[in-house]
1. Full-extension gain between Arg32 and Ala82, please, as 0.36 nm times their residue separation minus the C-alpha to C-alpha distance.
2. Order the peptides 20-27, 64-71 from the highest to the lowest mean number of other Cβ atoms within 10 Å of their residues.
3. Relative to the longest principal axis of the chain, what angle (0 to 90°, nearest 10) does the C-alpha long axis of helix 181-196 take?
4. How large is the Kirkwood hydrodynamic radius of the range 34-140, counting all unique pairs of alpha carbons, in Å?
5. Of [x] 25.4, 93; [y] 21.0, 85; [z] 19.4, 65, which is the value of Rg and Dmax of the Cα atoms in Å derived from the coordinates here?
6. If we sort 170-178, 151-159 on the protection proxy, mean other Cβ atoms within 10 Å, highest first, what's the order?
7. Given R₀ = 41 Å, FRET efficiency for Asp132-Ala43 by Cβ-Cβ distance, to 0.05?
8. Can you tell me the 0 to 90 degree angle between the C-alpha axis of helix 148-168 and the longest principal axis of the chain, rounded to 10?
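The values are calculated or read from the model by the stated rules, or taken from the named source; none is laboratory data. None of the values given here were measured: they were computed from a predicted structure. Cβ sites come from the backbone with ideal geometry, for glycine too, and all protein chains shown count toward neighbours. Please note that ligands, DNA and RNA were not included when accessible areas were found on the heavy atoms of the full protein model with its side chains. Shrake-Rupley method; radii C 1.70, N 1.55, O 1.52, S 1.80 Å.
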Amino acid sequence: MTPDTHASLRQKILEEALTLVSREGVEGVTMRALANKLGYSPATIYLYFRNKEDLFQEIARHASGRLMESTDRCVGMADASAARDTFARTYVDFALEQPHLYQVMANVDLMPYIADRTLEAPGRRLADRYRDIYARGIATGQIRAANPEYELMIDWSLLHGFVSNVLSGAFPPPRLPSVTVTELRDVIVDAIRARTSIAR
């Protein structure tokens, strides 16, 4: 088998896995289910992905790559604060539009990357982009903050926590029956902005 053929078949398996996870969720993706969909034996799938975790790592890379593309416009925005807000909204919207892909991306096993720092974890560039927006805003006086890494940690916790509550059905809460998810998303982004805004 040529390298091109190997890469083509690996991509075919990945695309079917992406279809399965988007339609049926994480639980719907098994090596046997993939093999049945593609007309392969399960052993064939293992020639391209060592195990289910290896496959999910690749799905997470795909998901984070799609989110990177969605946040490309933030890089060229002159106002770092506006870029940060746009990024945050885009992150939430992607997670809610693609909940199963987001679940894979958010729950990827990071232990291999902690053990070997030369490996790039899925989502690393995404986190770096958000941190760099903060660094640019601090340097230009557009954002009030001391450390971009701290801001990344705080905002990621807020955004991921919000998304997790929406996906679990906890938000919108019963005490706010008339509030939409979009309105709550904007409340979260407004809170992030208020915490780091520059007094005019």
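1. Numbers: separation 50, 0.36 × 50 = 18.00 nm, distance 4.59 nm.
So the extension gain works out to 13.4 nm.
2. Packing order, densest peptide first, comes out as 64-71, 20-27.
3. That works out to roughly 60 degrees.
4. Details: mean 1/r = 0.0641 Å⁻¹.
Value: 15.6 Å, from the Cα pair sum.
5. [z]
6. 151-159, 170-178
7. After rounding to 0.05, the efficiency reads 0.40.
8. 60
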